[in-house]
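For reference, the structure discussed in these notes is given below.
Values in this text are rule-based calculations from the coordinates and carry no lab data. These figures come from a predicted structure and were not determined experimentally. Cβ placement follows ideal geometry from the backbone for every residue including glycine, while neighbour counts extend to all protein chains displayed.
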Amino acid sequence: MLKDGFETHSMLMEPHWLVTFQAPVEDIDRIFEEITIHTPLQHGKTDKNGFRTSSGQEYYRPREGTPTGAEEEIRKRPGVDEMSFFIPQDNQVLERVIEAIYAVHSYYEPVVFVREVLRSRCKGLDDSRNPHRWWNKSGDWKTA
């Protein structure tokens, strides 16, 4: 199923890669902008699509060979977010994205995950009168 996807009456489920990276809060926008130079991150009629999770705390202990040198105490860095986005299963696109992350990330060893997933796409049915859609309820979140 992951290889080919499937469809329902209203949706297509298409194979994609879900790419997630972790970075300090202040780095996320810079890294995401660099990624969008190399791929549009399209979803339907929108682009530059991603999802950012709220801050967590990263744990690590530098060992011999790290830029700071070996340490005995575990470091706890607050303010680390995760950013996720989908890309087509194209090795060249994935390589460009990984290199873009590395090029502008503040870590010498960035944390990046790539997972095979199915991503939803609407078939474009006319649901303009659907009472559950945001435009038929309270309106656009940006103007609320």
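Report, in degrees rounded to the nearest 10, the 0 to 90 angle that the Cα long axis of helix 91-104 makes with the longest principal axis of the chain. Once rounded, one gets 50 degrees. Remark: relative contact order (the range 36-82) = 34 percent; criterion is Cα-Cα distance under 8 angstrom and separation of 6 or more residues. Legend: Rg and Dmax of the chain, from Cα coordinates, 19.0, 62 Å. Helix 25-38 axis versus longest C-alpha principal axis of the chain: approximately 60°, rounded to the nearest ten. Extending 7 Å from the Cα toward the beta-carbon at both residue 68 and residue 114 defines two label points whose distance is 2.9 nm. In this simple spin-label model, placing a label point 7 Å from the Cα along the Cα-to-Cβ direction at both residue 61 and residue 136 gives a separation of 5.7 nm.
Under the rule a/c < 1.5 gives rounded, and otherwise a/b versus b/c splits prolate from oblate, where does the range 1-78 land using the Cα gyration tensor? Cα axes put the range 1-78 in the prolate bin. Using R0 = 41 Å, the C-beta based FRET efficiency linking residue 12 and residue 54 works out to 0.85.
Its relative contact order, with pairs defined as Cα atoms under 8 Å and 6+ residues apart, puts the chain at 37 percent. In summary, the aspartates and glutamates within cross-link reach of residue 76, defined as a Cα separation below 16 angstrom excluding same-chain residues under 8 places away, comprise 58.
Going by the alpha-carbon gyration tensor, a ≥ b ≥ c the square roots of its eigenvalues, is the range 60-144 rounded (a/c under 1.5) or, if a/c is not under 1.5, prolate (a/b greater than b/c) versus oblate? It is prolate, given that a/c is not under 1.5 and a/b is the larger ratio. Maximal additional length on extending the residue 46-residue 92 stretch stands at 14.4 nm, based on 0.36 nm per residue less the C-alpha distance.
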